[in-house]
Amino acid sequence: GENVEQHPSTLSVQEGDSAVIKCTYSDSASNYFPWYKQELGKRPQLIIDIRSNVGEKKDQRIAVTLNKTAKHFSLHITETQPEDSAVYFCAATGDSNFGNEKLTFGTGTRLTIIP
Amino acid sequence: SQTIHQWPATLVQPVGSPLSLECTVEGTSNPNLYWYRQAAGRGLQLLFYSVGIGQISSEVPQNLSASRPQDRQFILSSKKLLLSDSGFYLCAWTGVSSTDTQYFGPGTRLTVL
């Protein structure tokens with residue numbers, strides 16, 4: 001089955017600087033890679049996702065890059081703000097037509113933005 | 001638009017008592033449904049998922065069970081709770097394809113004393 005590793009587990013960044021979180025996956029058949037943000041006591045919320053037919057996707061201050069050859073993908077947050085403080089989870093999944101109906105999540109990164 | 005509900009929002013139960021958590025989805029048909037547990041400060045542990053009525057796949061053998069009596073209803077149960085069952089229980093759904101976005105419900109915070 002799929003295995004997703006996420007690094008670092010904690011990350012502190014000065015407000016205004018950039019933050020990068022990296023994930024690797026094991027199943028070369030995986031083709032969908034979402035990122036979730038979870039604030040304290042709340043549900044995880046999708047912030048950005050990428051499919052294997054593209055290498056990069058941006059949404060304002062957030063971007064995700066995918067390297068299928070190396071089987072890793074990264075979340076980039078620029079111009080960080082205090083409200084970016086949260087736990088971030090990466091995930092990967094393949095095609096449900098081949099019996100893969102579930103996301104495999106990374107272990108999470110606690111991001112703290114220092115004012 | 002689609003909405004996912006969970007109840008109760010919080011629950012405090014004694015060790016050895018039964019459990020029933022309910023999740024319902026509105027605005028979609030034949031969703032894939034998922035139960036996750038999150039211990040305090042930890043990641044998301046997939047417990048069960050279902051691709052249709054009566055179809056349940058278990059990820060982690062333990063004292064929990066799941067049922068899907070209706071297309072948009074998913075229930076998590078236990079006959080006897082353990083202290084280690086404490087956590088934040090999240091229901092989630094996707095469309096028919098696993099590569100559709102997965103949306104989480106608001107969660108149930110369970111404390112077993």
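The values are calculated or read from the model by the stated rules, or taken from the named source; none is laboratory data. Please read these numbers as outputs of a predicted model, since none were measured by experiment. Don't worry about glycine lacking a Cβ; one is built from the backbone with ideal geometry, like all the others, and counts go over all protein chains shown. These accessible areas exclude ligands, DNA and RNA; they are computed on the full protein's heavy atoms, side chains included. Shrake-Rupley method; radii C 1.70, N 1.55, O 1.52, S 1.80 Å.
Considering only residues that are under 24 Å from B:Leu82 (Cα atoms), part of a loop (DSSP other than H, G, I, E, B) and in contact with a strand residue (DSSP E or B) (Cβ under 6 Å, 6 or more places away or on another chain), which ones fall in the stretch B:99-113?
If we filter the stretch B:99-113 for residues that are under 24 Å from B:Leu82 (Cα atoms), which is where we start, we get B:105-113.
When the remaining residues are screened for being part of a loop (DSSP other than H, G, I, E, B), the result is B:105-107, B:113.
Of everything in the stretch B:99-113, those that are under 24 Å from B:Leu82 (Cα atoms), part of a loop (DSSP other than H, G, I, E, B) and in contact with a strand residue (DSSP E or B) (Cβ under 6 Å, 6 or more places away or on another chain) turn out to be B:Gly105, B:Pro106, B:Gly107.
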Residues of the stretch A:51-72 satisfying the condition of being within 13 Å of chain B (Cβ to nearest Cβ) and surrounded by 13 or more Cβ atoms within 10 Å (Cβ to Cβ): A:Ser52
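Tell me the strands (runs of 3 or more DSSP E) entirely within the stretch B:1-96 that contain at least 1 residues that are away from chain A (no Cβ under 11 Å), out of contact with any Cys (no Cβ under 6 Å at 6 or more places or on another chain) and touching a residue at least 60 places away in the same chain (Cβ under 8 Å). Break it down stepwise before answering.
Details: elements: B:3-7, B:10-13, B:19-26, B:32-38, B:45-52, B:55-58, B:64-70, B:73-78, B:87-94.
Output list reads B:3-7, B:10-13, B:19-26, B:73-78, B:87-94.
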I want to confirm something. Restricting to the stretch A:30-50 and keeping residues that are in contact with a Lys or Arg (Cβ under 6 Å, 6 or more places away or on another chain) and without any contact (Cβ under 8 Å) to a residue 60 or more places away in the chain, which single residue is surrounded by the most Cβ atoms within 10 Å (Cβ to Cβ)? A:Ile50
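Would you tally the residues in the stretch B:79-106 being among the acidic types (Asp, Glu) and open to solvent by 10 Å² or more (accessible area, probe 1.4 Å)? Break it down into steps so the answer makes sense when it comes.
To start, the set of residues in the stretch B:79-106 that are among the acidic types (Asp, Glu) comprises B:85, B:100.
Still in the running and open to solvent by 10 Å² or more (accessible area, probe 1.4 Å): B:100.
Within the stretch B:79-106, residues that are among the acidic types (Asp, Glu) and open to solvent by 10 Å² or more (accessible area, probe 1.4 Å) number 1.
Is it true that A:Phe89 is touching a Cys at 6+ places or on another chain (Cβ under 8 Å) and either open to solvent by less than 70 Å² (accessible area, probe 1.4 Å) or at pLDDT 95 or above (or both)? Even if it seems obvious, please write down each step before you answer.
Details: touching a Cys at 6+ places or on another chain (Cβ under 8 Å): no; either open to solvent by less than 70 Å² (accessible area, probe 1.4 Å) or at pLDDT 95 or above (or both): yes.
The answer is no for A:Phe89.
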